[in-house]
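The values are calculated or read from the model by the stated rules, or taken from the named source; none is laboratory data. Since we're looking at a predicted model, the values are computed, not measured. Using ideal geometry, Cβ is built from the backbone for each residue, glycine included, and neighbour counts are taken over all protein chains shown.
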């Protein structure tokens with residue numbers, strides 16, 4: 001911060017990479033001294049404020065493309081506070097630990113506003129750190145938090161400790177739709193933290209309008225709306241799908257002004273998302289016979305390969321089940337026939353060794369032959385979004401085939417499975 005004429009700048013020691021700066025003296029042009037604000041008449045401004053008035057601009061994560069600015073109303077924030085109580089049933093002795101960024105929904109509307117609304121203590125960290133995470137939990141006696149799936153996998157990748165399950169967290173809301181169920185189960189077994197699954201987007205309000213509740217945990221699933229929204233699974237013509245059939249997840253609020261008001265400077269995107277009286281999430285899922293939601297991946301993560309729609313999530317779950325693999329992301333890259341070829345980016349566990357053909361063999365044992373990746377590239381890290389720590393797939397797609405191992409170029413053939421021999 002530069003020094004202005006007639007002012008005095010006092011700098012204090014650096015605290016956790018942040019620098020506190022105080023300016024005293026004459027106020028720069030266009031500024032008002034804080035003391036004058038304190039001395040002013042305590043009259044409230046003569047302004048009419050409605051629940052539906054714009055109140056904030058929250059940016060999406062940008063995992064499938066450039067982030068979009070989501071314009072939200074005053075009322076958009078409030079259901080998050082009520083859902084927080086429904087999820088956690090917080091008490092005065094609870095301590096919330098915030099892991100989100102302040103410019104996004106989890107950081108601002110959940111980690112700060114919700115605990116404040118219920119009179120609780122909340123702490124936040126500047127950056128998520130695996131090495132310091134449990135020390136921070138213990139030092140502050142944290143009892144509640146929101147854990148994204150990617151954070152869970154990073155905590156699992158750290159060295160095990162005898163007191164892993166001896167932490168103070170009594171309950172966590174979890175967003176794990178994009179990671180294998182085995183990983184979720186392993187996290188619970190190791191750390192002993194009960195998890196409540198939730199599903200939603202910035203557009204549909206804080207702390208997700210779909211979720212589980214204590215006593216209503218049909219694991220594995222992402223839960224149900226609990227009166228906050230209408231939900232349907234739809235085919236490409238927006239017709240409802242029967243139970244068990246995968247389609248796009250469509251939502252609409254049951255209370256006005258609790259979903260977004262629109263996208264900043266992108267009316268075409270807003271019209272595209274909000275059509276036929278539904279908000280189109282761009283996510284795939286199915287409902288079971290009891291009406292609970294099961295997340296099946298993102299439409300943007302579906303790869304069109306040789307006449308088939310291939311789920312990247314399905315392939316990733318198979319590769320992630322290999323003990324040598326720490327993380328995996330599958331994307332489509334341009335192929336010669338105008339459709340995509342399948343490429344797997346694989347991040348190995350520390351010290352692990354794996355050959356590209358082992359990835360192919362693992363897939364051949366569990367999924368259809370046409371879903372097996374053609375390209376395999378080992379990477380030391382994957383590009384992650386600031387918002388949710390999710391892999392920025394569009395950046396991986398932009399790399400194309402790169403220097404990946406190509407099973408067709410080396411003549412590696414994947415055999416189609418032969419029909420099982422019938423007894424007798």
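Checked against the criterion of being surrounded by fewer than 17 Cβ atoms within 10 Å (Cβ to Cβ), touching a residue at least 12 places away in the same chain (Cβ under 8 Å) and part of a loop (DSSP other than H, G, I, E, B), the candidates 242, 206, 218 yield just one match: 218.
Where strands (runs of 3 or more DSSP E) fall wholly inside segment 274-375, the ranges with 2 or more residues that are in contact with a helix residue (DSSP H, G or I) (Cβ under 8 Å, 6 or more places away or on another chain) and within 26 Å of residue 157 (Cα to Cα) are 293-298, 325-334, 340-348.
Quick check: anything in segment 256-263 buried (at least 17 other Cβ atoms within 10 Å of the Cβ), assigned by TED's automatic domain parsing to the domain that holds residue 70 and part of a strand (DSSP E or B)? Yes, there is a match, as at least one residue in segment 256-263 is buried (at least 17 other Cβ atoms within 10 Å of the Cβ), assigned by TED's automatic domain parsing to the domain that holds residue 70 and part of a strand (DSSP E or B). Within segment 304-319, the set of residues being surrounded by 19 or more Cβ atoms within 10 Å (Cβ to Cβ) and farther than 20 Å from residue 284 by Cα comprises just one member, 319. Across segment 153-183, which residue is farthest from the chain's Cα centre (by Cα) among those that are at pLDDT 90 or above and crowded, with 20+ Cβ neighbours inside 10 Å? Within segment 153-183, the match that is farthest from the chain's Cα centre (by Cα) is 172. Within segment 24-47, does at least one residue satisfy the condition of being at pLDDT 80 or above and assigned to a loop (DSSP other than H, G, I, E, B)? Yes; the residues of segment 24-47 include at least one that is at pLDDT 80 or above and assigned to a loop (DSSP other than H, G, I, E, B).
Here is a list of conditions, (1) in contact with a helix residue (DSSP H, G or I) (Cβ under 8 Å, 6 or more places away or on another chain); (2) assigned to a helix (DSSP H, G or I); (3) surrounded by fewer than 17 Cβ atoms within 10 Å (Cβ to Cβ), and residue 77 meets all of them except one; can you say which number that is? Of everything listed in (1) in contact with a helix residue (DSSP H, G or I) (Cβ under 8 Å, 6 or more places away or on another chain); (2) assigned to a helix (DSSP H, G or I); (3) surrounded by fewer than 17 Cβ atoms within 10 Å (Cβ to Cβ), residue 77 misses just condition (3).
Among the residues that make up segment 346-363, is at least one of them in contact (Cβ under 8 Å) with a residue 60 or more places away in the chain and on the phi > 0 side of the Ramachandran plot? No, segment 346-363 has no match at all. Just the residues that are closer than 11 Å to residue 347 by Cα and touching a helix residue (DSSP H, G or I) at 6+ places or on another chain (Cβ under 7 Å), please, taken from segment 376-386. If the condition is that a residue be closer than 11 Å to residue 347 by Cα and touching a helix residue (DSSP H, G or I) at 6+ places or on another chain (Cβ under 7 Å), then 376 is the only one that fits.
Scanning segment 358-391 for residues that are modelled with pLDDT of 85 or more and closer than 30 Å to residue 106 by Cα returns 379, 380, 381, 382, 383. Only one of the numbered conditions (1) free of Cβ contacts under 8 Å to residues at least 40 places away in the same chain; (2) assigned to a strand (DSSP E or B) is violated by residue 161, and that is (2). Would you call residue 397 at pLDDT 85 or above, in a loop (DSSP other than H, G, I, E, B) and within 28 Å of residue 199 (Cα to Cα)? No, not satisfied.
Name every residue in segment 135-158 that is assigned to a loop (DSSP other than H, G, I, E, B) and over 21 Å from residue 212 (Cβ atoms), in order of residue number.
Taking segment 135-158 as the starting set, the residues that turn out to be assigned to a loop (DSSP other than H, G, I, E, B) are 141-143, 158.
Scanning segment 135-158 gives 141, 158.
Of the residues making up segment 185-201, one or more are in contact with a helix residue (DSSP H, G or I) (Cβ under 6 Å, 6 or more places away or on another chain), touching a residue at least 40 places away in the same chain (Cβ under 8 Å) and closer than 25 Å to residue 284 by Cβ.
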